[in-house]
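Here the structure is laid out as structure tokens; the discussion comes afterwards.
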Amino acid sequence: MSDLIDDPTPGQNMPEYTVSEISGEIKRTLEGSFGRVRVRGEVGRVFRARSGHLYFDVKDDRSVLACTTWKGQVASLSVVPEEGLEVVVTGRLTAFGGQSKYNLNVDEVAVAGQGALMALLEKRKKQLAAEGLFDPARKKPLPYLPRIIGVVTSPSGAVIRDILHRLHDRFPRKVLIWPVAVQGQSCAAEVARAIEGFNRLQPGGALPRPDLIIVARGGGSVEDLWGFNEEIVARAAAASDIPLISAVGHETDTTLIDFVSDRRAPTPTAAAELAVPVRLELMAWADGMGARLSRAATTGLAQRRQRIGDLSRALPRGEALLDGPRQRLDWIAERLPRALSGGVQRRRMTLSEVAGGLRPSALRGLLARRRDRLNAARLTLAPISREIARRRERITTLSGRLETAHRQRLDRMRRQLDATDRLLSSLGYEATLERGYAVVRAGEHVITRRDAAGREPHLEIQFADGRLAVTPTGAITPPVPPAPAPAAPRKRTKPSSPPDQGSLF
């Protein structure tokens with residue numbers, strides 16, 4: 001029967017493929033026929049998966065080509081595909097048998113023409129402007145004289161030499177250089193990391209934090225300067241806490257970083273001029289200010305001296321100011337003896353009048369009135385004394401009731417404790433042992449089955465009068481002394497009456 005199944009159908013010479021075999025043949029044929037190809041078209045749908053892979057479509061007016069860029073290839077793309085952008089993609093054609101589809105594995109993307117680059121640039125400008133990154137209100141003022149200047153540029157170009165030479169001529173400052181690629185695929189990522197790296201430096205650390213950042217590059221074509229038009233660079237410049245000067249290209253070149261930076265310089269040399277003032281001019285200005293200060297101080301002193309002289313001439317003489325007070329003093333000194341004599345005489349007469357009114361009869365009347373007021377006060381205090389006595393009696397009654405209630409509660413709790421103790425004695429397993437039962441243990445575990453007892457090397461049997469250890473061979477070891485009987489609960493003595501605490505009153 002097996003021979004009949006294996007034989008092909010009579011009259012059919014075509015081989016049979018499995019689904020996986022035919023998908024593999026198609027994939028090998030497609031990759032072998034085309035290999036590496038370049039395709040021009042407009043970017044359609046763009047989707048970045050959670051895994052990091054990039055999926056997008058390249059289309060024309062009649063067909064659509066599915067494209068895939070794996071996670072490890074995305075970082076090497078010079079241009080990230082955006083919907084509506086005309087590009088030239090390079091990669092290998094392959095097939096995906098899981099869905100019966102073919103696609104292009106893209107590892108290089110280039111913009112198709114300068115017009116497309118300008119359209120992409122305008123699109124990014126509108127997006128960033130809508131987010132407020134170009135708002136003049138968010139731009140930070142530049143420090144007048146920074147101590148440390150950070151420069152983001154290529155260390156081997158003429159730009160850094162021009163900046164250092166200009167800084168040395170105007171006002172020498174300490175410069176930190178962060179070397180980056182100023183064009184190519186890695187330009188945007190390195191410039192963004194350099195700006196973020198300067199901002200992450202801590203003040204007072206081993207590497208000082210700059211007070212000003214200059215991002216500089218010489219002139220070039222739109223393609224050469226495209227790294228400074230990337231969104232990652234513009235957002236890094238906008239997020240910088242350190243004031244930033246952009247000096248990319250010549251005066252006619254404009255990039256996205258120019259719009260988000262705090263100040264734009266037409267050339268790298270102009271950026272150095274914006275960063276620091278001219279030292280000689282500053283010294284001349286300081287000398288001029290010092291001279292103006294000296295002249296102002298001298299003129300002010302002269303004017304105040306003249307004013308004091310004018311005021312002193314208008315003042316009267318000191319002797320004339322004292323003539324009036326001297327005359328008043330003489331007049332008062334002449335009247336003082338008569339005033340003292342008159343005052344003593346008046347006080348003597350007042351004392352005589354008061355002493356005449358202090359007769360014995362008047363004193364007895366005063367004492368009688370004071371005695372009457374005292375008796376009235378005592379009558380007023382009598383109700384208070386009676387209230388105090390009544391309160392004292394009530395406190396004595398309440399104290400007796402409290403003592404009785406306390407004794408009754410103690411008796412009730414003592415009876416409950418005795419009943420619980422008797423219940424514990426009757427429910428404990430020791431009482432069961434008195435009726436002929438025994439407890440078998442293996443260590444700290446109680447054995448309740450014969451099979452479990454056979455697996456234990458040592459057993460211990462507890463009887464009512466003690467414990468007995470049994471060896472595996474059946475020999476009996478010396479008995480274990482009985483455990484000490486639990487101490488009988490101490491009978492609680494009836495508490496004596498509480499000590500007399502005395503009266504609160």
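The values are calculated or read from the model by the stated rules, or taken from the named source; none is laboratory data. Small disclaimer: the values here were computed from a predicted structure and weren't measured. Here the Cβ is made from the backbone with ideal geometry for all residues, glycine too, and neighbour counts use every protein chain on show.
Okay, here's what the table says:
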| item | result |
| --- | --- |
| Residue among 417, 423 that is in contact (Cβ under 8 Å) with a residue 40 or more places away in the chain and surrounded by fewer than 13 Cβ atoms within 10 Å (Cβ to Cβ) | 417 |
| Selected residue (only one of 214, 242 is in a loop (DSSP other than H, G, I, E, B), of a type in the set (A, V, I, L, M, F, W, C), farther than 18 Å from residue 121 by Cα and assigned by TED's automatic domain parsing to the domain that holds residue 144) | 242 |
| Filtered residues of the range 266-312 (kept if within 46 Å of the chain's Cα centre (by Cα), of a type in the set (Ser, Thr, Tyr) and assigned to a helix (DSSP H, G or I)) | 269 |
| Selected residue (criterion: surrounded by the fewest Cβ atoms within 10 Å (Cβ to Cβ)) from residues of the range 230-265 that are charged (D, E, K, R), touching a residue at least 40 places away in the same chain (Cβ under 8 Å) and over 14 Å from residue 187 (Cα atoms) | 241 |
| Selection from the range 191-229 of residues that are without any contact (Cβ under 8 Å) to a residue 24 or more places away in the chain and over 29 Å from the mean Cα position of the chain (by Cα) | 221 |
| Which numbered condition residue 88 fails, given (1) farther than 29 Å from residue 36 by Cα; (2) part of a strand (DSSP E or B); (3) not hydroxyl-bearing (Ser, Thr, Tyr) | (1) |
| Subset of the range 91-136 that is assigned to a helix (DSSP H, G or I) and polar (S, T, N, Q) - its residue that is nearest to residue 21 (Cα to Cα) | 114 |
| Test result for residue 457, in contact with a Pro (Cβ under 8 Å, 6 or more places away or on another chain) and either exposed (fewer than 10 other Cβ atoms within 10 Å of the Cβ) or of a type outside the set (Lys, Arg) (or both) | yes |
